[in-house]
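The values are calculated or read from the model by the stated rules, or taken from the named source; none is laboratory data. Bear in mind the structure is a predicted one, so any value in this text is a computation, not a measurement. Methodologically, a virtual Cβ is constructed for each residue, glycine included, from the backbone with ideal geometry; neighbour enumeration extends over all protein chains shown. Accessible surface areas use protein heavy atoms only, side chains included; no ligands, DNA or RNA. Shrake-Rupley method; radii C 1.70, N 1.55, O 1.52, S 1.80 Å.
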Amino acid sequence: SFAMGAAAVRGLVLAALLALAARAHRPNVVLILTDDQDVCLGGMTPLKKTNALIAQMGITFLNAYVPSALCCPSRASILTGKYPHNHHVVNNTLEGNCSSKLWQKIQEPHTFPALLKSMCGYQTFFAGKYLNEYGAEDAGGVGHVPPGWSFWYALEKNSKYYNYTLSVNGKARKHGENYSVDYLTDVLANMSLDFLEYKSNFEPFFMMISTPAPHSPWTAAPQYANSFPNVSAPRNSNFNIHGKNKHWLIRQAKTPMTNSSIQFLDDAYRKRWQTLLSVDDLVEKLVKKLELNGELDNTYIFYTSDNGYHTGQFSLPIDKRQLYEFDIKVPLLVRGPGIKPNQTNKMLVANIDLGPTILDIAGYDLNKTQMDGMSLLPLLRGDKNVTWRSDFLVEYQGEGYNGSDPTCPGLGPGVTHCFPDCVCEDSYNNTYACVRTLSASWDLQYCEFDDREVFVEVYNLTADPHQINNIAKTIDQEILEKMNYRLMMLQSCSGATCRTPGVFDPGYRFDPRLMFSNHGLRARRFSAQSLQGI
């Protein structure tokens, strides 16, 4: 009986070891998130190593978008897999729910990293910019470590390169301005390499590395401070033109821009590229370390940004926040097990898909989540006959100050970010929602503003990729009605209802009678007649 007992114990030990081995062999995931990196205006051009090590070794999504072109709402969408109307982070302020007590209580416990750690047995590592108001005294300061992170190295507040504070697992650590020990992009790289050196080898890992680059103040590492001397912002067809037929905020931009504005945005463009060279180095170091550890073949690496950017489009000098492609479209590159090299994919994907994808990789049942996005895993694997979405929702709630900007007294209250030349990039009624559609037959964007004009913008991107001509007055009335109804549906969607067929999908159902009855949706904001006055 003793021998039998010993055999049973050995069997149990063996089973436990096999279970551990299986758990340890589940894929690792790395998510590299840049800050304000566009794709439409050449934002990926300086990243030669990243292109070679991720894009050429995997897949590039050519139509990757964010549902809100601003840091905090977009980052909240990545973490929760939800549209802003479901995670309730509407802008970069505490009042707008950015890293607020309410966010911490209601959303943070259900982020995908929290599920990876608690339900999937992953060790998790975060380094870099989290949410713009993270570390605010009114929301727990840097002592607050969100659930789901085994190792936490988060930047207090917004992107900086020097003279910042990190929360190191809840303890404040101040950094100065000595390049070799303080330059944030390099600090993030070094902390990531340390994690890969000292982590447990008995659990799979998830790393999220969130760089300050290429966000302002655009401080390059000293060795890159003179790079790209002849580079200037692209002069494409919507550069330095008047945004006629657009929302009043776009129309107020001074056209043509002053020489000083153009010099300012060219300098910003060049400096943004310079800061990205350090991100390129980070990617290279990370991939080399994974290779050295023998872990590269079992690791998915995602590379993306929280929103796009513009430099002079429609005479808006520099910022994001607008509904146009240059602000809502982002890079998305992925390499990993089962992904064939050097592929591109044209499917319509959004950052709400990242959480479901990473949970799917970890083997978690997505039906147990409340996420609005879809797993990209079938696209990554190259599955045949995948049914995919043809549209998604873009939504933004404008910000404006109650008082006037003292440097621009002529503007009055309600506007913000009015620099340079008192050209404002935002206002309290720059509040809009759009359906962005990409189907076999249509490449279309339909947007409504929540302002007194109830302004509508519609673009056919097949004919007009730079969104110069608003066709709201001339497009077929039936398409307008269907788009308005689809927008109402998406603005009130949650989970699976965010993934129903779009206007041009075979399974789409449209009942015009529903347009005039509320059915729990917000009231239809305009009638066909009022559209004629746009």
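Summary table below
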quantity	calculated
Members of the stretch 406-429 that are assigned to a loop (DSSP other than H, G, I, E, B), over 21 Å from ASN240 (Cβ atoms) and in contact (Cβ under 8 Å) with a residue 24 or more places away in the chain	TYR428, ASN429
Selected residue (criterion: nearest to THR431 (Cα to Cα)) from residues of the stretch 455-470 that are part of a loop (DSSP other than H, G, I, E, B) and in contact (Cβ under 8 Å) with a residue 24 or more places away in the chain	PHE455
Qualifying position, being at pLDDT 95 or above, of a type in the set (Phe, Trp, Tyr) and in the same structural domain as CYS498 (by the TED database), among TYR428, TYR432	TYR432
Number of the exception - LEU79 against (1) under 20 Å from GLY308 (Cα atoms); (2) in a loop (DSSP other than H, G, I, E, B); (3) not polar (S, T, N, Q)	(2)
Residues (out of contact with any Leu (no Cβ under 6 Å at 6 or more places or on another chain) and of a type in the set (Asp, Glu)) located in the stretch 426-450	ASP426, GLU448, ASP450
Residue count for the stretch 440-454, restricted to those that are outside any loop (DSSP other than H, G, I, E, B) and closer than 18 Å to ASP391 by Cα	6
Residue count for the stretch 471-507, restricted to those that are free of Cβ contacts under 8 Å to residues at least 24 places away in the same chain and outside any loop (DSSP other than H, G, I, E, B)	3
Any pair with Cβ under 6 angstrom, 6 or more apart, that starts in the stretch 47-72 at a residue that is in a loop (DSSP other than H, G, I, E, B) and ends at one that is aromatic (Phe, Trp, Tyr)	PRO67/TYR83; SER68/TYR396
Residue count, the stretch 91-126 (criterion: open to solvent by less than 60 Å² (accessible area, probe 1.4 Å) and assigned to a helix (DSSP H, G or I))	10
Boolean, LEU70 is over 16 Å from the mean Cα position of the chain (by Cα) and farther than 19 Å from CYS493 by Cα	no
Residue list for the stretch 359-401, restricted to those being over 19 Å from GLY502 (Cβ atoms), open to solvent by 20 Å² or more (accessible area, probe 1.4 Å) and in contact (Cβ under 8 Å) with a residue 12 or more places away in the chain	ASP360, GLY363, TYR364, THR369, GLN370, ARG381, GLY382, GLN397, GLU399, GLY400, TYR401
Residue within the stretch 474-486 that is under 16 Å from ASN245 (Cα atoms), crowded, with 16+ Cβ neighbours inside 10 Å and either at pLDDT 95 or above or not assigned by the TED database to the domain that holds TYR324 (or both) present	yes
Scan of the stretch 284-320 for residues that are without any contact (Cβ under 8 Å) to a residue 12 or more places away in the chain and open to solvent by less than 10 Å² (accessible area, probe 1.4 Å), ordered by number	none
Hey, LEU53 at pLDDT 95 or above and open to solvent by 40 Å² or more (accessible area, probe 1.4 Å) or not	yes
Check on LEU354, under 23 Å from MET119 (Cα atoms), assigned to a helix (DSSP H, G or I) and either at pLDDT 95 or above or not assigned by the TED database to the domain that holds ASP421 (or both)	yes
